[in-house]
Amino acid sequence: MSTWSLFDSNHKMFSFHHLLLLVCCWCYFATFSDALFFHIKETEKKCFIEELPDETMVVGKYKVEIFDKNVNKYVPTVHGLGIHVEVKDPEDKVVLSRTYAAEGRFTFTSHLAGEHLVCLHSNSSAWFSSGQLRVHLDIQVGEHAIDYTQIQTKDKLSELELRIRQLLDQVEQVTKEQNYQRFREERFRMTSESTNQRVLWWSIAQTIILIITGFWQMRHLKSFFEAKKLV
């Protein structure tokens, strides 16, 4: 008996279409890479926050250029000038800390779901000219970080087998993203409940303070009237 026989026909169609829609949406958004460039000084550090599910591979491709005043444009860096990459997980533990060349790639895998801090700075010091650097950065997450051409050559896969492999990886990544969204929702709910509880206790404390203050004022006013022999 197949797995589909456990559901009725309507449920089958909904489940299949729902899964297909998720895969299509993921493929659509995956076409947009996180490619960018930014300017930093040779002694400056630049950090980015990447929200990642757990057990997700990340590949960052970069290229560093330095501003040449003689030609008034950015040119390849001088020999020996590279980039230092440091990655910290949501618990502020160092996942990656390494110095690379002026152009290349770095790779790490997230073991915890949440915000990962990716920091880059040059390995230069005050002995250098302290010029302006342009860093081109392209961060690829999940199955987009996998080199399927290399996998096809290594495992000798056909085009159909390779495409199935890609779809399976995409479905797995969608599942990880869904689990991460549930994790974020749970964390947000816990934060909201904690905030509501604190607001409630603060309101109760304010009410108690007002009652005590009113009672003290009444006792003080009664003592004042008795001292003036008005009562």
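The values are calculated or read from the model by the stated rules, or taken from the named source; none is laboratory data. Just so it is clear, the model here is predicted, and its values are computed rather than measured. Glycine gets a Cβ as well: all are built from the backbone with ideal geometry, and neighbour counts include every protein chain shown. Ligands, DNA and RNA are stripped out before the accessible areas are found, and what is left, the full protein with its side chains, is counted by its heavy atoms. Shrake-Rupley method; radii C 1.70, N 1.55, O 1.52, S 1.80 Å.
When the convex hull of its Cα atoms is viewed from all sides, the range 156-230 shows a mean projected area of 6.5 nm². Bridging of LYS41 to lysines at a Cα separation below 18 Å is possible for LYS63, LYS69, LYS73, once same-chain residues fewer than 8 apart are set aside.
Would you compute the Debye intensity of the range 37-146 from its alpha-carbon atoms alone, equal scatterers and no solvent, and pass along log10 I(q)/I(0) at q = 0.10, 0.11 Å⁻¹ to two decimals? For the requested q values the scattering log ratios are -0.30, -0.36. Counting only residues at least eight positions apart within a chain, or on another chain, the lysines with an alpha carbon under 25 Å from that of LYS154 are LYS61. Under 20 Å of direct C-alpha separation, and excluding same-chain neighbours fewer than eight residues apart, LYS93 reaches these lysines: LYS45, LYS46. Taking a sphere under 13 Å around the Cβ of GLN150 and counting the other residues whose Cβ falls inside, with K and R at +1 and D and E at -1, yields a net charge of +1.
The accessible area of ASP155, taken with all protein chains in place and a 1.4 Å probe, comes to roughly 80 Å². In this structure PHE48 has an accessible area near 50 Å², from a 1.4 Å probe over the protein heavy atoms. Short-range pairs are left out: with C-alpha atoms under 8 Å and at least six residues apart, the relative contact order of the range 37-146 is 46 percent.
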